[in-house]
Amino acid sequence: MIDRAAIWDLLAEYGALADAARYDEWLALFAAECRYQVVPRENHDSGLPVALIYCDSRAMLEDRIRALLEANKYNIHTDRHVIGLPRVTERPGGAMIEAPFAVFQTDQEGESRLFATGLYRDRLVTIDGALKISDKYILLDTFAVPSLLASPL
Amino acid sequence: MIDRAAIWDLLAEYGALADAARYDEWLALFAAECRYQVVPRENHDSGLPVALIYCDSRAMLEDRIRALLEANKYNIHTDRHVIGLPRVTERPGGAMIEAPFAVFQTDQEGESRLFATGLYRDRLVTIDGALKISDKYILLDTFAVPSLLASPL
Amino acid sequence: MIDRAAIWDLLAEYGALADAARYDEWLALFAAECRYQVVPRENHDSGLPVALIYCDSRAMLEDRIRALLEANKYNIHTDRHVIGLPRVTERPGGAMIEAPFAVFQTDQEGESRLFATGLYRDRLVTIDGALKISDKYILLDTFAVPSLLASPL
């Protein structure tokens, strides 16, 4: 049985490390064999869950992050993830959690605005005593965003 | 004594089920004998707590939701509740909790915006072993919203 | 060892008391010997952590709040703090926590908008059995705000 405090810490670290641009540590929250996808809500709801971003390993996710950092040299901003109360929906072998989130961006003039909202659906597993994300399905409400998403969700 | 994890799960489910438009399950989070009211903050603060919405049973709340769904055929959008850290303020027989919230709406073009913020004040009771909402008082900051509120808060 | 539920309650009370304008109780969440500072993220990131607000005792913080209340007679609004999932980063003698936040403001017309986002970094200590804030470092994303900050963060 997975400890609830450990689940909440993992979610909190997920947002905090992304916002601090500490991507190596952020990537280490994932299992090496993992899946990460971002699915626009309109696709999800219409039964056509075509992902906007689809990575089926941590290595692929790492490549994606490197490309994002390169692109963001021309779009300088900072991010803030505010993750709401999560719920545990099942726990067969690991835990399945859902948590709503809002991501805010601040530009170089110091103006903050809502960037996107959505829902995390994560499968968590314990590997060598540490809780890791083995599957992250991000249901993205906000699909009117540049197709090259500017911030890791 | 009511378990804290159960309280947090209930709050998380409250938001998640509303956002997923699973209203039958959402309604089942309430006790059959319950009260649900939305009070604009300016009324509350001026000592005139006139409710914008007042339901004094789950059946009445169900009618309200059905009317809302009918109206929303002409105002298609999705919702996202982000509920912040709650606090337990008392627990005589049940628990009394407070939690801040922000609700975001996304329209058919995929643009998300802040819809409303406010504070939940819930009385929770245990009925047949399950935690239920017996009284929900929603202090609504944002009163410049259409009088027919477009999303369940 | 500090109880996690107590940490979360303290954070929740911090936001709730500020939003309810119950500043005496809000101030009582701090140790008498405390530090409170607001540092814009651009300063923090550039290694020049010059604070926008710097108070090195609760008495000084109280003066600051009184000045703010006076100024807000001409800028009437209400606040809503939504504090996301926190994480505990260390606990030597006390606890060190980090939590992301968004503060929303509502004006007299009832319109709500995002005011600021940022990250709390708090050192918490137990004094006479009660958990108190001994050091609050607020990393403020949004620096395009009036230099006289209109709401306690």
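The values are calculated or read from the model by the stated rules, or taken from the named source; none is laboratory data. Being a predicted model, the structure only gives us computed values, none of them experimental. Don't worry about glycine lacking a Cβ; one is built from the backbone with ideal geometry, like all the others, and counts go over all protein chains shown.
Against the condition closer than 30 Å to C:Ala5 by Cα and touching a residue at least 40 places away in the same chain (Cβ under 8 Å), how does B:Ala95 come out, does it pass?
On the way: closer than 30 Å to C:Ala5 by Cα: yes; touching a residue at least 40 places away in the same chain (Cβ under 8 Å): yes.
Answer is yes for this residue.
Take B:Ala51 and decide whether it is in contact (Cβ under 8 Å) with a residue 40 or more places away in the chain, touching a helix residue (DSSP H, G or I) at 6+ places or on another chain (Cβ under 9 Å) and either among the β-branched types (Val, Ile, Thr) or within 21 Å of B:Glu33 (Cα to Cα) (or both). Walk me through it before giving the result.
On the way: in contact (Cβ under 8 Å) with a residue 40 or more places away in the chain: no; touching a helix residue (DSSP H, G or I) at 6+ places or on another chain (Cβ under 9 Å): yes; either among the β-branched types (Val, Ile, Thr) or within 21 Å of B:Glu33 (Cα to Cα) (or both): yes.
No: the conditions fail for B:Ala51.
Out of B:Ile53, B:Ile76, B:Ile97, which single residue is surrounded by fewer than 17 Cβ atoms within 10 Å (Cβ to Cβ), of a type in the set (Val, Ile, Thr) and more than 10 Å from chain A (Cβ to nearest Cβ)?
Values: B:Ile53 fails: surrounded by fewer than 17 Cβ atoms within 10 Å (Cβ to Cβ); B:Ile97 fails: surrounded by fewer than 17 Cβ atoms within 10 Å (Cβ to Cβ).
Among B:Ile53, B:Ile76, B:Ile97, only B:Ile76 is surrounded by fewer than 17 Cβ atoms within 10 Å (Cβ to Cβ), of a type in the set (Val, Ile, Thr) and more than 10 Å from chain A (Cβ to nearest Cβ).
Between residues in the range A:24-45 that are within 30 Å of B:His77 (Cβ to Cβ) and free of Cβ contacts under 8 Å to residues at least 60 places away in the same chain and residues that are of a type in the set (Phe, Trp, Tyr) and surrounded by fewer than 19 Cβ atoms within 10 Å (Cβ to Cβ), which pairs lie under 8 Å by C-beta distance while being six or more apart or on different chains?
none
C:Tyr23 fails exactly one of the following numbered conditions: (1) in contact with a helix residue (DSSP H, G or I) (Cβ under 9 Å, 6 or more places away or on another chain); (2) crowded, with 19+ Cβ neighbours inside 10 Å. What is the number of that condition?
So C:Tyr23 meets the others, but not (2).
When residues of the range C:31-50 are filtered for being surrounded by fewer than 17 Cβ atoms within 10 Å (Cβ to Cβ) and modelled with pLDDT of 90 or more, how many remain?
2
Hey, among C:Ala18, C:Ala12, C:Ala5, which residue is touching a helix residue (DSSP H, G or I) at 6+ places or on another chain (Cβ under 6 Å), crowded, with 21+ Cβ neighbours inside 10 Å, within 27 Å of B:Ala102 (Cα to Cα) and within 11 Å of another protein chain (Cβ to nearest Cβ)?
Working: C:Ala12 fails: touching a helix residue (DSSP H, G or I) at 6+ places or on another chain (Cβ under 6 Å); C:Ala5 fails: crowded, with 21+ Cβ neighbours inside 10 Å.
Within the list C:Ala18, C:Ala12, C:Ala5, the selection yields C:Ala18.
Can you pull out every residue in the range A:75-92 that is in contact (Cβ under 8 Å) with a residue 60 or more places away in the chain and assigned to a loop (DSSP other than H, G, I, E, B)? Can you show your working first?
At the first step, the residues of the range A:75-92 found to be in contact (Cβ under 8 Å) with a residue 60 or more places away in the chain are A:75, A:77, A:79-83, A:86, A:88, A:91.
Of everything in the range A:75-92, those that are in contact (Cβ under 8 Å) with a residue 60 or more places away in the chain and assigned to a loop (DSSP other than H, G, I, E, B) turn out to be A:Asn75, A:Pro86, A:Arg91.
Name the residue that is surrounded by the most Cβ atoms within 10 Å (Cβ to Cβ), counting only residues in the range B:123-148 that are assigned to a loop (DSSP other than H, G, I, E, B) and within 13 Å of chain C (Cβ to nearest Cβ).
As a first pass, look at the range B:123-148 and keep what is assigned to a loop (DSSP other than H, G, I, E, B): B:128-129, B:141-148.
Pick out the ones that are also within 13 Å of chain C (Cβ to nearest Cβ) and you get B:141-147.
Numbers: B:Asp141: 26, B:Thr142: 24, B:Phe143: 20, B:Ala144: 14, B:Val145: 18, B:Pro146: 8, B:Ser147: 7.
For the range B:123-148, the residue satisfying everything is B:Asp141.
Identify, please: which residue in the range A:79-94 is within 26 Å of A:Ile127 (Cα to Cα) and among the basic types (Lys, Arg) and is, among those, farthest from the other protein chains (Cβ to nearest Cβ)?
Residues of the range A:79-94 that are within 26 Å of A:Ile127 (Cα to Cα), as a first pass: A:81, A:83-94.
Add one more test, that the residue is among the basic types (Lys, Arg), and what stays is A:87, A:91.
Values: A:Arg87: 4, A:Arg91: 13 Å.
Looking at the filtered set, the residue picked out is A:Arg91.
Pull up the range B:104-122, narrow it to residues that are away from chain C (no Cβ under 14 Å) and assigned to a strand (DSSP E or B), then point me to the one that is farthest from B:Leu85 (Cα to Cα).
Start the filter on the range B:104-122 by keeping residues that are away from chain C (no Cβ under 14 Å), which leaves B:106-111.
From what's left, assigned to a strand (DSSP E or B): B:106-107.
Working: B:Thr106: 24, B:Asp107: 27 Å.
Once the filter is applied, the top-ranked residue is B:Asp107.
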